[in-house]
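K.L.:
One structure coming up, written as structure tokens, with questions to follow.
The values are calculated or read from the model by the stated rules, or taken from the named source; none is laboratory data. This one's a predicted model, so the numbers in the text were calculated from it and none came from an experiment. We place every Cβ from the backbone using ideal geometry, glycine too, and count neighbours over all the protein chains shown. We work out accessible area using only protein heavy atoms, side chains counted, and drop any ligands, DNA or RNA first. Shrake-Rupley method; radii C 1.70, N 1.55, O 1.52, S 1.80 Å.
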Amino acid sequence: MDGVSFKEVDQYALCCIEHLSDELKDALRENLTRICHGVDQASRDRALYKYPATLRAFWDRYSGKTRKTQVGMLGELLSHVVILKLFPGFDVVSPFFNMEEKSIRKGFDLLLYESSSKEVWITEVKSGGMRVGKTPCTATRDLLAKARDDLKGRLAEQEMNHWQNAINAARNSIHAKADFRDSVLEILELEADMAVGQSATAADNNVFLISALFSDVSQRVAEKTISKFTTDLASGSVFKTLVVLSLHKGTLKRLEDFLKAESGH
């Protein structure tokens, strides 16, 4: 995409959003309904699921949140767009919107389905800015470490609700006619069964870890930082397999202003 640099190597990738280009804005417009509601609901010809209503609903959720939560929401939104546009081997099979309420999603941030392996990938997004004394590399490494630790802990919990939420999210998101719908639900239900049986472990799962750093892009995240983090994590066999994505964008303001203006506020 114009305004976006992207490099993918084996199990990791770096994506830098250099500016909010017209192409990126169009990608947001074209995909917002499927991101927020899921493919199945977005395919229905209802005003509720069209772009204007979806955008208003997004802004209604966003505007009342703390700044920390807002940063997380925009990091996750950009993650959806980047995966949809730059990772064609993956289908996003969970909606951005929490189906029950206007709070942030509980459990897992995104669920992905990889058609080539016929497997589900549990995705964790950690977003933030650059604190005093940090560099883009150290800030990104901290975000990825937090994503790793949070997901490692959550996947090892014998907690049925994580998987029940994931099952409901996938059921609401995947188009009813999709040939992989039953496969995704079966995988998630098997994980839920292990949680019930007190045998769930992080090593059972494929994971996709994303750091969304909002800071001046004139100072880039070094590829060796992401490469080393990925190699070290893979060697520890913490997860079944993994993909690591470093997502880097400048300040939130232009994206925030775009969404606000589009929603009519």
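K.L.:
Just tell me the longest site-free run in the chain, where the sites are GluC sites (Glu not before Pro) in a DSSP loop having at most 11 other beta-carbon atoms within 10 Å.
P.N.:
Free of exposed loop sites, the longest segment is 102-265.
K.L.:
For the chain, modelled as a GNM with alpha-carbon contacts under 10 angstrom, which of L110, L247, L86 fluctuates the most?
P.N.:
L86
K.L.:
Who wins for biggest fluctuation among T123, T33, T231 in a Gaussian network model of the chain, springs between alpha carbons below 10 Å?
P.N.:
Sorting by GNM fluctuation, first place goes to T231.
K.L.:
Averaged per residue, what accessible surface does the range 191-265 expose to a 1.4 Å probe, in Å²?
P.N.:
44 Å²
K.L.:
Give the Rg (one decimal place) followed by the Dmax (whole number) of the range 121-265, computed from C-alpha coordinates and expressed in Å.
P.N.:
Rg then Dmax for the range 121-265, in Å: 18.0, 51.
K.L.:
Restricting the calculation to Cα positions, tell me the Rg (one decimal) and the Dmax (whole number) of the chain in Å.
P.N.:
17.7, 51
K.L.:
Please express the shape of the range 131-202 as an equivalent ellipsoid: the semi-axes are the square roots of 5 times the eigenvalues of the C-alpha gyration tensor, given largest first in whole angstrom.
P.N.:
Over the Cα atoms of the range 131-202, the semi-axes work out to 31, 18, 9 Å.
K.L.:
While we're here: Can you give me the P(r) profile for the range 184-256? Cα pairs, bins 10 angstrom wide beginning at 0, each as a whole percent.
P.N.:
P(r) over the range 184-256, rounded to whole percents: 16, 34, 25, 20, 6.
K.L.:
Now a separate question. Exactly which trypsin sites (Lys or Arg not before Pro) in the range 16-72 are in a DSSP loop and have at most 15 other Cβ atoms within 10 Å?
P.N.:
R44, R46, K50, K65
K.L.:
Another one. As an exercise, find the ratio Rg/Rh for the range 1-159 from alpha-carbon atoms, using the Kirkwood inverse-distance average for Rh.
P.N.:
0.95
K.L.:
To continue, here is another question. On the accessible surface of the chain, probed at 1.4 Å, how many percent belong to carbon and sulfur atoms?
P.N.:
Exposed carbon and sulfur together represent 48 percent of the surface.
K.L.:
A further question on this structure: State the Cα centre-to-centre distance between the range 11-44 and the range 244-265 in whole Å.
P.N.:
12 Å
K.L.:
Taking the range 1-92, how much of its Cα-Cα pair set, in percent, is spaced more than 16 angstrom apart?
P.N.:
Here the tail beyond 16 Å accounts for 60 percent of pairs.
K.L.:
Any idea of the accessible area per residue across the range 25-69, 1.4 Å probe, to the nearest Å²?
P.N.:
Roughly 54 Å² per residue, with all protein chains present.
K.L.:
Here's something else I'd like to know. For the range 117-160, what is the accessible area per residue in Å², given a 1.4 Å probe and the full set of protein chains?
P.N.:
Each residue of the range 117-160 exposes 50 Å² on average to a 1.4 Å probe.
K.L.:
How much mean residue ellipticity at 222 nm does the chain get from its helices, if each DSSP H run of length 4 or more adds -39500 (n - 2.57) and you divide by all residues, to the nearest 500 deg cm²/dmol?
P.N.:
For the chain, the value works out to -15500 deg cm²/dmol.
K.L.:
Rounded to the nearest 5, what % of DSSP beta bridges with both residues in the chain are antiparallel?
P.N.:
Values: 14 of 38 bridges.
Of all bridge pairs located within the chain, approximately 35 percent are antiparallel.
K.L.:
Which entries in the list K7/K228; K7/K249; K118/K146; K146/K177 go over 26 Å, if you measure between the two C-alpha atoms of each?
P.N.:
Distance filter (> 26 Å) returns K118/K146; K146/K177.
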